[in-house]
Amino acid sequence: MKTIIPERLRKGDTVGIVSPSGNVAKGKHKERTKQFMDGVKRLESWGLKVKYNKAVFAEHWYSGGTREQRIRDFNSIWKDPKVKMVIMSQGGYTANQTLDGIDYGMIRKNPKMFVGFSDGTTLVNAIYAKTGLMTYMGPDLMWTFGKPMDKAVEDNLRRTFFEGKVGEIKPNPDWKHRKDKKMKKPGWKCLRPGKASGTLVGGHVGVVCGNMLAGYFPDTKNKIMILEGTEGVDQTDWYLHAMRLNGSFNGLKGMILGFFDGSKLDGMKNQPSVPDVVLEATKDYKFPILQIAELGHNLPNFAFPIGGRVTIDAKKRFLSVDGRTAR
């Protein structure tokens, strides 16, 4: 399927906000509502207009409304010809409920930017798989635009969305964990040397497995897979071997690991790290693996184009986004 590159953002464009995963909890958690509105204000400060329906604040258990509400709102926002980017308010757990209700034909006929993170990578990868439209993982409204933003992050987002060309990505000099103030900057690491170029796919490691099971994940042949996560290293190990057994590493050209928040197990001595279990799960393969720190939970994220072409040289700790990220 030919990749569709969406138009880049320009000042005066409208950004639509949707909540197809977790609920924003308006009125019950004032700090979350403020975070949502802080995200809106930042987008407006960039010269953009922001649109959202009241459904963006809907609640159904832990979801942003019932399945039907979320599907209806998502398709409605996307159909609006004034909306040039659709961005998720945040992640959560239940975006996969909407996969068979998204109007992929309408999306293919009306391509625009779509951005999500965490559980949002459910839709980021599904839309690319079903339509060929380049999408973006890393930012969302509340946890990127609604939080203080490092200069390196802002520069990356502006290049990705407004300029449509990124090139080489370098480590964020102001990297810090938002909760663990004592955590040292992990830096970039070569886990397996080699150089590779390919189309980028991936997301939260558990979401990737869920998409594969549901049949809404892109073919991984000749791709570079990017992964981050939030579970203990034992659960991440489980996901990786599920992918190995599924044949998802067959034909893979390379792998990029982000930050795996909360991966250390309590009370266990001599436990493996995420890189340890990744190398074990992929020991029958030779593709290069580069670990970076600009993608993950509880830290500032860069944007990564799903369906975009990237190049890595793990030994040199080099990463570039090649070609256009928007036209």
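Computed quantities for the displayed model
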{"item": "Positions within the stretch 241-264 being surrounded by 20 or more Cβ atoms within 10 Å (Cβ to Cβ) and of a type in the set (A, V, I, L, M), in sequence order", "result": "Met243, Leu252, Met255, Ile256, Leu257"}
{"item": "Single residue of the stretch 66-92 satisfying the filter (part of a loop (DSSP other than H, G, I, E, B) and in contact with a helix residue (DSSP H, G or I) (Cβ under 6 Å, 6 or more places away or on another chain)) that is surrounded by the fewest Cβ atoms within 10 Å (Cβ to Cβ)", "result": "Gly92"}
{"item": "Odd one out for Val201 among (1) touching a residue at least 24 places away in the same chain (Cβ under 8 Å); (2) in contact with an Asp or Glu (Cβ under 9 Å, 6 or more places away or on another chain); (3) surrounded by fewer than 24 Cβ atoms within 10 Å (Cβ to Cβ); (4) at negative phi", "result": "(3)"}
{"item": "All positions within the stretch 14-33 that are surrounded by fewer than 22 Cβ atoms within 10 Å (Cβ to Cβ) and either aromatic (Phe, Trp, Tyr) or in contact (Cβ under 8 Å) with a residue 60 or more places away in the chain (or both)", "result": "Thr14, Arg32"}
{"item": "Unique match (being surrounded by 22 or more Cβ atoms within 10 Å (Cβ to Cβ) and part of a loop (DSSP other than H, G, I, E, B)) among Pro111, Pro139", "result": "Pro139"}
{"item": "Test result for Tyr128, surrounded by 24 or more Cβ atoms within 10 Å (Cβ to Cβ) and in contact with a strand residue (DSSP E or B) (Cβ under 8 Å, 6 or more places away or on another chain)", "result": "yes"}
{"item": "Spans of strands (runs of 3 or more DSSP E) in the stretch 219-318 with at least 2 residues touching a helix residue (DSSP H, G or I) at 6+ places or on another chain (Cβ under 6 Å) and either acidic (Asp, Glu) or in the same structural domain as Ser197 (by TED's automatic domain parsing) (or both)", "result": "223-229"}
{"item": "Test: residue in the stretch 161-176 that is among the aliphatic types (A, V, I, L, M), in contact (Cβ under 8 Å) with a residue 24 or more places away in the chain and more than 28 Å from Tyr285 (Cβ to Cβ)", "result": "no"}
{"item": "Any hit, the stretch 38-51, residues being closer than 20 Å to Asn301 by Cβ and assigned to a loop (DSSP other than H, G, I, E, B)", "result": "yes"}
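The values are calculated or read from the model by the stated rules, or taken from the named source; none is laboratory data. This structure is a prediction, so every number in the text was calculated from the model and none was measured. Virtual Cβ from ideal backbone geometry, glycine too; neighbours counted across all protein chains shown.
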